[in-house]
Each structure stands twice: as structure tokens, then as C-alpha cells.
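Below is one structure, written out as C-alpha cells, with a few remarks after it.
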Amino acid sequence: MTRFSSLDSGQLLASTNPIISLHGVDIAILLIYVLVVIAIGFALKRYMKSSSDFLTSGRSIPAWITGLAFMSANLGALELVGMAASGAKYGIATCHFYWVGAIPAMVFLAVFMMPFYYGSKARSVPEYLKMRFDERVRGLNSIAFAVMTVFASGISMNALAKLLNQLLGWDYHWSLWICSAVVLVYVLKGGLTSAIYTEVLQFFMIVLGFAPVVYLGLKDVGGWSAIKTNLSEVAVNPAAQNLNEKVFAADAWTSAWQPLLAGPAHNPMGVDVFAMVFGLGFVLSFGYWCTNFLVVQRAMAAKNMTSARNTPLIAAVPKMIIPVLVILPGMIAAVLGNMQGKNYRLPQAQIAADRYPAIIQVLKSEPVASNEVAVKSLSKKLGDAAGVSFFEPKLAALSASAATLDNATLKTAVQDAVSNDYDGVILSLVERYCPPGLLGLALTALLASFMSGMAGNVTAFNTVWTYDLYQAYFAKDKSDSHYAWMGRAATVVGILLSIACAYFARNFNNAMDICQLVFGFVNAPLFATFLLGMFWKRATGTGAFLGLLAGTATSALFHGLTLPAGSNPGVKGAYLGLVQTFPSEMAQNFWLASFAFGVCFLLTAGISLATARTKTDDELKGLVYSMTPRLVVENQPFYLKPSVLGCALLGICVILNIIFW
């Protein structure tokens, strides 16, 4: 889930990497991909005869297509880069975002929630909320979701333009506008259907592009046994690679559960079992996979109820093994940095040459940093002078020896103390292992995932705008051709707003943190609203609306009073005052989601009991579990029932967790 990664879109690529020159075969692969996706849009244009065809695919797509698109809609390049970053920083515990934070929620969506989404004939998640509660809840969710989609789309395109600029030397503005224009063309021609088919293409491009990197990386380091051996050395001395100032048990990077069971101080992620299981595994994951229209829309485009329910289950199969492609590379990078003779270190932002005089002056004029307060003060002053952040444990030793070192040695020591830019990990491996041809495949995979992510967000935006805002509040009872026209116009506007958000995100190194924070603010309380709405007929519109507002406000309050360790008050929290410090941003996010969910759940339930119902039992049929007849599919083998397939998938997940316990 891109919403939990450590990705910082403002520093997507460490400037350690030099500009890469593409060969003819690499350029040919990139151009072929662009031409194919445009051709898909034009090929599907003749099927776009109504607003339903353009915005919802007319509910006509086979399950295997919607299943792969369901997974690929979440597998954007932000996640590819961010999960590799987390693999280096946190190790195999990052797999919990899949085996705990995705598969159970996907199974729940297939077994319990898709019958309501698909059976209610709702065209979007906000429309379901209107049918279950009232217009207030629909309007609140529609506005929040529309803002999130264009912002997430802009973040993705900003990161793509930065990647092309810093990796290949291409102009940022031309990269942004041309890639956005390509997305506009194929979405404008083929609507949601073209976005879904290009997402399927994206999945295969990612496999083709990154499987060779993983294979060559494993071969380079000596296989899984060598990874475990080297990461055990990393765990007992993570400061050597600027990974962590603490010392951990030897299995901290290679065991999924034992470091968590030992407590927050014993794993690099800084979380405990409750935060992982409840915060991530229940609140955040169910809130994302079960209520986010971006992914649910793919299942709602399936050709029938059976296909709609099978969509998340089909997606869950590759989802379980995707960590091999996106997390293992990060672990390989940490191993390479630990091995002698590999000539590799984790990427860092490079200090500009003209900044060193000011840095050296700070080091030689400041007193020796002999305590934590002095080290933090020195870190801030050096950060202001260098324009980068520093790994504080190395600053104390640097401060003590600064007066005795010559300037050349001091420059080397200062650069070594710069914090890791984990977001450059996957790109550094692409550069290390990919010859011409493979380089083109890997870059095309990144390009495909960025552009597909933008297309997914824009198609979700145009549907919500057209049906849940424009038709609901501005232009009721217009012709179908009018809404089809508005859907296309919303596509153009969505692209332009995304570009504007990309330029906005360019000004902030922490834009992705802000984006993820907004997701956490919205999805966690929204899941509480859905849970009560689908499984408790007594939940009322007033309770849902006020509970949703209170849950979001709780997120803001919690964030404003807490802070991850090593951060300064501001965008990462504590802007209202500092009450609690968490070991990591992950821990802060998990607990924030838990509190937001709890407040929304309790207030929605309490207010619902105190207010009158506005929906009769007949009106709630097909919308509430207890009021809906059980779905029976004739002539369906027992082993193909969603509940049976779901149990099998959960069983495989349990086995994976045991293997890597």
C-alpha cells in the first residue's frame, strides 16, 4: 500500500547516481510502450458510447483483467521505489504491508463487501454511502476523495518528472507535460476501460523490468543464505551504514515477527504487535482496500457479480509474491553496503561543493557536541548550511575530531554522515545491474507504473466528480450524452489539476508524507463508518456524518500532539505541542489510524442510538448484511466459492508468516 511507504517524492533519486545515457534499444522499448498505450486508447474509443461505458466500463470486463488491474492500481512506481526503500531500512518486516496489511482485507472485500457494492448498482463508493446513509455523508466523502486523487496523481507525476530529469537529464517541465499528455490521450479515448487494460500491461512490464534486477542482485550477493548472514551483521551495527542508531538482535532484518514480539525498541520499524496487527492489519488496510474507490472501481467494472467478487481474490495471488520484486531489492542493497569489495553504499544526497566552506565553519566554530541536545543543535545548523539532513550518531564523533582534521578529510567525513536517501535504492540497483535492453525494460516499468497511477487516479476522479458531485448537486436530470461529455471534460480538468499539484509538490521535500497523512486521516475513520453501515442497521446518517467528521478531527489532533523520534515539530507532527514521541513515522501512523478509527466508531454508534432512523428495513435490503438474503450461485463448485478461495489464500498467508517468522 503506497500510502505507508517511506518515499519522499522531493528527493526521489539520490544525486549520487550520475546521468545515465540510453542506448538505441532502450529508447525503442520506451517508445514502443508509449505507442502501445496510446493505441489501446484509440482501439477502445469505438466502445465508448455512453457515460457508463466511459466512466464505469459498462460493467463488462472479465475477472482476470479486473483482478490484475485491481492489484496494479496500487502498484504504482511510488510503491515500487518506496517499498524497496523500506526493505533496506526495515528489512523483511516490510512484508507485513502485504501479508498482514493487504491479503486479509482483500479477502474480506471479496466475501462480504463486494455483494453490497456490486449488488446495490452503485456507480461509486460515495454513491453507496448516499444509498446507505444520506447526501451529507456522500458529499463529504466525494469532496475528500476528489481532492486526494488529484493530489496523489500530482505527487506521482512530480516524482516521474524528477526521475527522468535526475536519471536521464531530461527537462523537468517537458517530462511532466509530455507524460501527462500521453495519459490524457489514452484515458480520453478509452475511459476507465483503457486505464484498466494499461494497468494489466503495467503489471507485466513491472515483472519483466524488475525480475532481472532481483535475479542479478541475488546472484551478486550469493543467494538468500548470504543475505541472512550479512543482514545479521547489519543488525548488530546498523550505524555503520547510517541505518539506525540502535543495536538490534541478529534477526532484526530477516525475521518478520520475533523482533515485533520483543517490542518497539527491538525492531528497526519501532512498532509493537498491537500497532502492527490492529493499526496496520485492521484499520489502515481494511480502510484502504475496502473503501478506496480507486481500487474498488476495478472490481465494480467486472462483468457480473461472480467476477466482481473474484477480482480481489485473483489480485491477492500475485500480491502475496510481489514482495520478492519490490522489497527484496532493498534488502539486497543493505547487504551490498555491508559486503567488502562490492563498491556500493546506500544512496545519499550529495552536498554541493559551494556549501562546504559554511559547513566547515560551523564545525570548527561550534563547541564539541557532548550530549543529545548539543548534537541536535549541531545537526540543525549543519543541515541549514548543507541543505541535507544528517545521521546524528556520527555527528558527535565528527564534532570531537573536527578541529584536528584537514579540510579534505573533513569533507569526506561530513558526506559520510549525511542521512541515507532510501528512495534512490531501486534506481541505484537498476543502474548497477541493467545493461542496454534491460535498462530500457526497467525504466519502462517505472514509467508505466507512474503513468498508470496517474490514469487510475484521474479515472476515479472523473467518475466521482461526474456522478457524485456534478450530477448530484449541479445538473440533475441531464441526458446521458451530457454526462459523458462532462466525464471527458473532468478528465482534462483532472489532468490539469494533477499537473498543478505536481508543481506544488515540487516545492516540498515532504509532499509524499503529507499525501500519506491525508490518506490516513480519511481512510481510517471512513472504514469505521462502512463497518457500522454494512453490518448494523441501526447506524444513522447523522451518526455517520458526525462520526466521520470527529474521526478526521481526531486524526488532526493526534498528529498535532505527537512526533516521530528525530523529527522537528512541523509537518510531521507536534504543531500543537508535544505529548508523545514515537520510535518511527510508521508507529505514529499506525497509532493515529487506531485512534481515528476508535473515535469514529464509538461516536457513530453513540449518535446513531440517540438519533432516529431515516431508512426503513426495506430500504436497507442489499445495503446491510443482516437485511440482505445470502447470495447463492447456481452450479458453482464448492472449491470456487469466494469464501473457500479466501480461506485458502489466508492459509497461504499464514504459511508465509510462519516460514519467515
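Here are the numbers for this structure:
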read-out: Too-long pairs where the Cα-Cα distance tops 18 Å, listed order kept, from K162/K381; K219/K342; K319/K641; value: K162/K381; K319/K641
read-out: Set of lysines near K380 by C-alpha distance (under 22 Å), chain-local residues within fewer than 8 positions excluded; value: K246, K364, K394, K411, K572
read-out: For the chain: relative contact order, % (alpha-carbon pairs under 8 angstrom, 6 or more apart); value: 28 percent
read-out: Cα-projected label distance for W224 with A612, points at 7 Å along beta-carbon direction, nm; value: 6.3 nm
read-out: Solvent-accessible area per residue, Å², over the range 112-190 with all protein chains present [probe radius 1.4 Å]; value: 30 Å²
read-out: Cα-Cα pairs of the chain separated by more than 50 Å (percent); value: 11 percent
read-out: Accessible surface ranking that places the most exposed of S449, S370 first, with a 1.4 angstrom probe; value: S370, S449
read-out: D251 accessible area, 1.4 Å probe, all protein chains in place, Å² to nearest 10; value: 50 Å²
read-out: More than 17 Å apart - percent of Cα-Cα pairs taken over the range 80-150; value: 63 percent
read-out: Gyration tensor verdict on the range 218-273 (Cα atoms; rounded if a/c is under 1.5, prolate if a/b is larger than b/c, oblate otherwise); value: oblate
read-out: Cα gyration tensor category, rounded, prolate or oblate, for the range 363-476 with a/c compared to 1.5; value: oblate
read-out: Those lysines that a straight Cα-Cα span of less than 25 Å connects to K615, excepting residues fewer than 8 apart in one chain; value: K121, K130, K476, K537
read-out: For the chain, calculated [θ]222 nm from helices alone, where every DSSP H run of n ≥ 4 adds -39500 (n - 2.57); value: -21000 deg cm²/dmol
read-out: Prolate/oblate/rounded call for the range 341-425, Cα gyration tensor, a/c under 1.5 rounded; value: prolate
read-out: Protection-proxy order for peptides 341-354, 550-563, each taking the mean of Cβ atoms within 10 Å per residue, highest first; value: 550-563, 341-354
read-out: R0 of 41 Å, Cβ-Cβ distance V493-K246: FRET efficiency to nearest 0.05; value: 0.25
read-out: Candidate lysines for bridging to K189, where Cα separation is under 19 Å - those fewer than 8 sequence places away on the same chain excluded; value: K45, K49
read-out: Cα-Cα separations in the range 580-661 greater than 18 Å, expressed as whole percent; value: 74 percent
read-out: The chain, accessible surface, carbon-and-sulfur percent (1.4 angstrom probe); value: 66 percent
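The values are calculated or read from the model by the stated rules, or taken from the named source; none is laboratory data. All figures in this text were calculated on a predicted structure; none of them were measured in a lab. Glycine gets a Cβ as well: all are built from the backbone with ideal geometry, and neighbour counts include every protein chain shown. Heavy atoms of the whole protein, side chains included, go into the accessibility calculation; ligands, DNA and RNA do not. Shrake-Rupley method; radii C 1.70, N 1.55, O 1.52, S 1.80 Å.
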